[in-house]
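One structure is given below, encoded as structure tokens.
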Amino acid sequence: MNRNFLVVVFSIVLFMLAVPSVQAQSNPEGWYFRAFGGFAGRVLETDNVTFDDPVYGTSSTEVDGSTLGFGVDVERRFSKLLGLDMAVSYANMDVVFNQSLTTDKATDTLSVMPFWIALNFHVVNTEKVDFWVAPQIAYVMWNDPLTFNVPGEEPYAVQTSGAFGIGLAMGLDYWLSENGGLNFAFRFVDADANDNLPVDPTFITFGYTWRF
């Protein structure tokens with residue numbers, strides 16, 4: 001499925017849910033716990049890298065397609081406008097190794113675990129809908145190393161290292177009751193597994209929110 005299409009659909013859903021209600025929440029302060037799952041992958045692909053390897057020639061390592069991701073987050077809401085959000089997500093993403101020796105494409109799985117911290121700005125806050133946007137930072141952990149089998153050659157190994165990155169998040173809570181409802185969220189961080197493996201983890205998810 002086209003990733004840009006998913007982003008457009010997600011934006012439309014946010015707009016449709018945000019329109020109907022106008023009455024503000026009486027007391028939004030407190031703790032919020034969210035569990036979520038959905039799409040995980042690499043949406044922005046403008047920084048793909050091709051490199052020359054002395055054995056494999058012109059090569060590249062790229063995240064291939066999308067997968068299922070999931071996670072949880074806790075937000076401490078300080079006021080109608082502001083909240084501090086901490087989240088962790090997880091996904092296994094397929095990575096493809098392309099090289100010029102053969103036409104074969106080798107694949108391995110990259111485990112991706114971002115730890116996010118965000119300052120949520122709740123720009124829409126009604127009885128039924130709470131919409132927020134947030135600048136965020138994240139530390140991303142990966143499994144290490146990746147190994148790709150190339151016919152007639154030694155396996156190609158890719159070392160990864162944890163990375164900090166900055167990104168953007170936006171989300172929506174649609175309240176079904178005073179203390180529970182559905183959540184929809186978009187989270188992106190600019191972080192790569194190494195110089196030759198751009199990942200930029202992106203999660204588009206839905207789940208359930210508990211308010212305490």
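The values are calculated or read from the model by the stated rules, or taken from the named source; none is laboratory data. As the structure is a prediction and not an experimental result, all values here were calculated from the model. Methodologically, a virtual Cβ is constructed for each residue, glycine included, from the backbone with ideal geometry; neighbour enumeration extends over all protein chains shown.
Here is how the numbers come out for the structure above:
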| quantity | calculated |
| --- | --- |
| Residue ID - surrounded by the most Cβ atoms within 10 Å (Cβ to Cβ), chosen from residues in segment 106-122 that are in contact with a Phe, Trp or Tyr (Cβ under 7 Å, 6 or more places away or on another chain) and farther than 16 Å from Leu168 by Cα | Val112 |
| Selection count, segment 94-105, where residues are assigned to a loop (DSSP other than H, G, I, E, B), of a type in the set (S, T, N, Q) and surrounded by fewer than 19 Cβ atoms within 10 Å (Cβ to Cβ) | 3 |
| Test: Val129 is modelled with pLDDT under 95, within 15 Å of Arg211 (Cα to Cα) and either touching a helix residue (DSSP H, G or I) at 6+ places or on another chain (Cβ under 6 Å) or buried (at least 20 other Cβ atoms within 10 Å of the Cβ) (or both) | yes |
| Positions within segment 44-83 being within 27 Å of Ala106 (Cβ to Cβ) and among the hydroxyl-bearing types (Ser, Thr, Tyr), in sequence order | Thr46, Thr50, Tyr56, Thr58, Ser59, Ser60, Thr61, Ser66, Thr67 |
| Count of residues meeting criterion [in contact with a Phe, Trp or Tyr (Cβ under 7 Å, 6 or more places away or on another chain), within 19 Å of Ala91 (Cα to Cα) and either at pLDDT below 95 or of a type in the set (Phe, Trp, Tyr) (or both)] in segment 172-188 | 2 |
| Given (1) at pLDDT below 90; (2) among the polar types (S, T, N, Q); (3) under 27 Å from Asn27 (Cβ atoms), index of the condition Asn143 fails | (3) |
| Single match in Ala91, Ala138 (criterion: crowded, with 21+ Cβ neighbours inside 10 Å, small (Gly, Ala, Ser) and farther than 23 Å from Ser60 by Cβ) | Ala138 |
| Residue tally, condition at positive phi and of a type in the set (Val, Ile, Thr), over segment 65-91 | 0 |
| First in segment 62-80 and within 20 Å of Trp132 (Cβ to Cβ), second anywhere and surrounded by 14 or more Cβ atoms within 10 Å (Cβ to Cβ) and at pLDDT below 90, Cβ under 9 Å, 6 or more apart | Arg77/Pro28; Ser79/Pro28; Lys80/Gln25; Lys80/Pro28; Lys80/Asn125 |
